[in-house]
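Beneath this line is the structure, given in structure tokens, with notes to follow.
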Amino acid sequence: MARGMMDIKLKGYEEVKKKLQNVEKQGTVVTKRTISDIRKRAPGWVATSITKTYNIKKSEISGSQKNKKPAGRVKVEGKKVDELQLVYEGRLLTPVHFGMTPKTPPAGGRSYTLKAKIFKNKQVVIGRYKKKKIPGGPYSERSHNILMPTGAKSPDKVSHIPFQRMSKNRKDIKKFTTLSVPQMITNEEVSKDIRSTLNENIEKRLDHHMQSAMKRL
């Protein structure tokens, strides 16, 4: 029985091999750059969706305001595009974040009505201060939500926020709060818009990096 061997050489194989390796390499680059974009831009996308429903500045949610504590924190976790998760946290916010008026008590201890616009185009009364000694006034056992000093002296910090006096004890007061960033995000309308915005923008960034990668092949 005869037996022999012959080398088989594929013409241009080395070039094809390099192209395939380059395709794999570019695929990794596309994934990394897309995830990097999502991490950087997702908080802004989320903030935009929130401000469509709530009367809060986008900069307060994204944390871009200087010298001020952000209203909440939004970040992206995960190492693969199909495993990414949106993680968010935040404290209950005072109405100062929602266009509260007045921001400070009027001079001379004059009466005032405290208002805020938590939802877009919907201003509501959240407290009242009466100068005279009548129910709900400054000398009553229990008050409405009224402005009290925070002790902050710096001009870039909030000097007054609403509190409610619960009894004659001067220390028995309750801070008036509204919503937190997590509560705003889980609002049905906001949540739906966030999902739509994320899907649309992630698709755009992925397509952008894929187009760039194809030019490098």
Q) Between a first residue in segment 180-191 that is over 22 Å from Lys69 (Cα atoms) and a second residue that is hydroxyl-bearing (Ser, Thr, Tyr) and assigned to a helix (DSSP H, G or I), which pairs have beta carbons less than 6 Å apart while being 6 or more apart in sequence or on different chains? A) Glu189/Thr53; Val190/Ser49; Val190/Thr53
Q: Could you please find all residues in segment 71-84 being in contact with a Ser or Thr (Cβ under 8 Å, 6 or more places away or on another chain) and part of a strand (DSSP E or B)?
A: Gly72, Val74
Q) at pLDDT 85 or above, under 15 Å from Gly90 (Cα atoms), of a type in the set (Val, Ile, Thr) and in the same structural domain as Lys79 (by TED's automatic domain parsing): does that describe Val29? A) no
(Q) Can you find a residue that is closer than 20 Å to Asn121 by Cβ and either surrounded by 15 or more Cβ atoms within 10 Å (Cβ to Cβ) or modelled with pLDDT under 85 (or both) anywhere in segment 75-92? (A) no
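Condition check ((1) more than 29 Å from Val29 (Cβ to Cβ); (2) hydrophobic (A, V, I, L, M, F, W, C); (3) assigned to a strand (DSSP E or B)) across all residues:
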residue	(1), (2), (3)
Ala42	no, yes, no
Glu60	yes, no, no
Lys69	yes, no, no
Leu86	no, yes, yes
His97	yes, no, no
Thr104	yes, no, no
Thr113	yes, no, yes
Q | Subset of segment 161-202 (residues that are buried (at least 16 other Cβ atoms within 10 Å of the Cβ), in the same structural domain as Thr150 (by TED's automatic domain parsing) and charged (D, E, K, R)) | A | Arg165
Q) If you go through segment 194-206 one residue at a time, do you hit one that is free of Cβ contacts under 8 Å to residues at least 40 places away in the same chain and assigned to a strand (DSSP E or B)? A) no
Q. How many of the residues making up segment 121-177 are touching a Phe, Trp or Tyr at 6+ places or on another chain (Cβ under 6 Å), modelled with pLDDT of 90 or more and assigned to a loop (DSSP other than H, G, I, E, B)?
A. 0
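The values are calculated or read from the model by the stated rules, or taken from the named source; none is laboratory data. Note that the structure is a prediction, hence the values are computed from the model and not measured. Using ideal geometry, Cβ is built from the backbone for each residue, glycine included, and neighbour counts are taken over all protein chains shown.
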